[in-house]
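The structure appears right after this line, and notes come after that.
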Amino acid sequence: MEGERFLLWALLIDGKRRVLISGSIHYPRSTPEMWPDLIQKSKDGGLDVIETYVFWNVHEPVRNQYNFEGRYDLVKFVKLVAEAGLYVHLRIGPYVCAEWNYGLKCSDSRRSCGYENQEKLYASQGGPIILSQIENEYGNIDSAFGPAARSILMGSKNGCIS
């Protein structure tokens, strides 16, 4: 999976221009036992990429106390997607819309990329994550929470660049 880069409306993957079809699976909304079947059905349906948020309100319910077990095992989920031969679009936050209660994580979210980097899950490391998105509701959060929100979002972005 080396050689990814953005080219207008397509990605260059292994020297070939590709337009990828993506769909969402939100790993905490199902059990780990369900993931392989959901991923395979996505692949059978023609998807190339599985998109998911990082659900920080369940991963760090209390500051500096982390939960990546069971249905919150993001690394296991991403590795299963890779085993199926699909790519991952990881939406690292700090906000989750997706009709998910309490999806805003206001702590320093630069840690968002730490777990994925340690496990070598980014494409530049040989992994399946080809896209990492900090926030698509950015404007709403910025206007509602002011300069502090911009600082958190920019910290997330800068923490993922390696």
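The values are calculated or read from the model by the stated rules, or taken from the named source; none is laboratory data. None of these values were measured; they are calculated from a predicted model. With ideal geometry, Cβ positions are generated from the backbone for all residues, glycine too; neighbour counts draw on all protein chains shown. With ligands, DNA and RNA removed, areas are computed over all heavy atoms of the protein, side chains included. Shrake-Rupley method; radii C 1.70, N 1.55, O 1.52, S 1.80 Å.
Within the stretch 58-75, does at least one residue satisfy the condition of being surrounded by fewer than 19 Cβ atoms within 10 Å (Cβ to Cβ), polar (S, T, N, Q), closer than 25 Å to Q125 by Cα and touching a residue at least 40 places away in the same chain (Cβ under 8 Å)? Within the stretch 58-75, not a single residue is surrounded by fewer than 19 Cβ atoms within 10 Å (Cβ to Cβ), polar (S, T, N, Q), closer than 25 Å to Q125 by Cα and touching a residue at least 40 places away in the same chain (Cβ under 8 Å). All of I50, I21, I25, I39 fail the test of being open to solvent by 70 Å² or more (accessible area, probe 1.4 Å) and at pLDDT 85 or above, apart from I21.
Of everything in the stretch 3-18 that's open to solvent by less than 80 Å² (accessible area, probe 1.4 Å) and among the aliphatic types (A, V, I, L, M), which residue is modelled with the lowest pLDDT? Can you show your working first?
Looking only at the stretch 3-18, we keep the residues that are open to solvent by less than 80 Å² (accessible area, probe 1.4 Å), and these are 3-4, 7, 10-13, 15, 18.
Of the ones still in play, those that are also among the aliphatic types (A, V, I, L, M) are 7, 10-13.
Values: L7: 50, A10: 77, L11: 80, L12: 78, I13: 81.
Among those that are open to solvent by less than 80 Å² (accessible area, probe 1.4 Å) and among the aliphatic types (A, V, I, L, M), it is L7.
Screening E33 on (1) loosely packed, with under 12 Cβ neighbours inside 10 Å; (2) modelled with pLDDT under 95 shows it passes everything except condition (2).
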